[in-house]
1. Can you name every residue in the range 273-288 that is within 16 Å of residue 36 (Cα to Cα) and in contact with a Gly (Cβ under 8 Å, 6 or more places away or on another chain)?
2. Of everything in the range 171-193 that's under 18 Å from the mean Cα position of the chain (by Cα) and under 27 Å from residue 235 (Cβ atoms), which residue is modelled with the highest pLDDT?
3. Which of the residues spanning the range 77-98 are among the β-branched types (Val, Ile, Thr) and either over 18 Å from residue 66 (Cα atoms) or not in a loop (DSSP other than H, G, I, E, B) (or both)?
4. Checking the condition in contact (Cβ under 8 Å) with a residue 12 or more places away in the chain, out of contact with any helix residue (DSSP H, G or I) (no Cβ under 8 Å at 6 or more places or on another chain) and closer than 22 Å to residue 236 by Cα, which residue from 277, 311, 305 passes?
5. Inside the range 194-214, can you point out the residues that are closer than 20 Å to residue 236 by Cβ and in a strand (DSSP E or B)?
6. Return the pairs, sorted by first residue and then second, in which the second residue is of a type in the set (Ser, Thr, Tyr) and loosely packed, with under 15 Cβ neighbours inside 10 Å, the first residue lies in the range 202-229 and is at negative phi, the beta carbons are less than 8 Å apart, and the residues are 6+ apart or on different chains.
7. Inside the range 44-79, can you point out the residues that are surrounded by 12 or more Cβ atoms within 10 Å (Cβ to Cβ) and more than 24 Å from residue 11 (Cβ to Cβ)?
Amino acid sequence: MKIPSSIWTLLIGIGLTLASLWYGQNHGLLPTAASDEAVLVDGLFNTMMTVSVGIFLIVEGVLIYCAFKYRRRAGDHEDGPPVEGNVPLEILWTAIPAIIVIGISVYSFEVYNDIGGFDPHAVHEAPIMQESMAMPGAAIAATLNDTPPSTAPNLNQQKSDEAMQDPATAAVRNADQIPQKRDAPGVGSVSPSIGASPEKEGKPPELQVNVTGLQYAWIFTYPETGVTTGELHVPIGREVQINMTANDVIHAFWVPEFRLKQDAIPGRQSELRFTPKTEGDYTLICAELCGPYHGAMRTQVVVEKPEAFEKWMQEQLTANNDTSKEAIAVRAVSPLGEGGSKTIALNPANQSPDEFLAPYTKEMGIQPEMLHQIHK
């Protein structure tokens, strides 16, 4: 009994559809979904993977079938039949991809809107300052510390000269002007930003963190408590708003498990909102080439239970209070006598940027000798 070709086509189509659906949901290519927004992005990715696998199987299947079915037989020296074209088939294979692309575009827009990425009015709410447009990145960073524009270039030239004399300072160029030490981390708001989702529009976030990116470290400040750290701690189930800016060049805040990425730009403030949902330690990566040690610009994002977060916050506050009350005694060479020495009190609030960031740069493997080779 010969099975009609239409039945074969139907059976093959069902098989390809089931295979595509299964692989699209079980590919295992994505890391842990650690935020509510990640679920939406994963749904879009799985849909695209399902469609891609289906198209791949159809195209490759037809190629293999035709290569075997219409291969040249031994002793066959005739030309193949002249095929002029097939208008219905050409319309079909043009219309189907067009429909798929339009469908994915609409789905992508819905996901982008649901995670708070679509805000057509953001660019009007915070216009770019003309002063910022006329200055390089380092000079823009200087303006965040209320430095007059006319003196900003001289200030940065002075800092560059100092960095050449002391290579260790190059790791935190202009770090004494870290914007997050002020009340606001940047100037205005950059568009587009990943803001509040439609259902949370107009509601304040449950937690705000000011973030500054600089070569080659991330600095986090919790404005409600004044705690400043080198790693980000956030509680599960609470919406977090990240207010970002950069101190020198463009950096990018990217946590793969959150499925969100946003640029940190000198002289501007960009916003990123997300809601953590999976407990764990995740890696924050700079996803914008920012210098020779760009690959080492990493730190940890700790997603923990609310009670664990509160305990951590209290530990940071206690440590800050203890340090402010009991100054650290250090030995320093006295400028008054050769070989003389004196003991001075050093409060972390009065530390230089190099001293404050030294533990973090050391963890990333950035040594003064390495920086000296670059600037040499």
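The values are calculated or read from the model by the stated rules, or taken from the named source; none is laboratory data. Computed from a predicted model, the values in this text were never measured in an experiment. Methodologically, a virtual Cβ is constructed for each residue, glycine included, from the backbone with ideal geometry; neighbour enumeration extends over all protein chains shown.
1. Hits for the range 273-288 are 273, 275, 276, 277.
2. Top of the filtered list is 193.
3. Selection gives 87, 91, 94, 96.
4. Details: 277 fails: out of contact with any helix residue (DSSP H, G or I) (no Cβ under 8 Å at 6 or more places or on another chain); 311 fails: in contact (Cβ under 8 Å) with a residue 12 or more places away in the chain.
Result of the check over 277, 311, 305: 305.
5. If the condition is that a residue be closer than 20 Å to residue 236 by Cβ and in a strand (DSSP E or B), then 194, 207, 208, 209, 211 are the ones that fit.
6. Close Cβ pairs satisfying both conditions: none exist.
7. Residues of the range 44-79 surrounded by 12 or more Cβ atoms within 10 Å (Cβ to Cβ): 44-58, 61.
Correct list: 44, 45, 46, 47, 48.
Residues are listed down the side, and each one gets a yes or a no for (1) at pLDDT below 90; (2) among the aromatic types (Phe, Trp, Tyr); (3) farther than 29 Å from residue 251 by Cα; (4) outside any strand (DSSP E or B):
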| position | (1), (2), (3), (4) |
| --- | --- |
| 288 | no, no, no, yes |
| 292 | no, no, no, yes |
| 299 | no, no, no, no |
| 302 | no, no, no, no |
| 309 | no, yes, no, yes |
| 322 | yes, no, yes, yes |
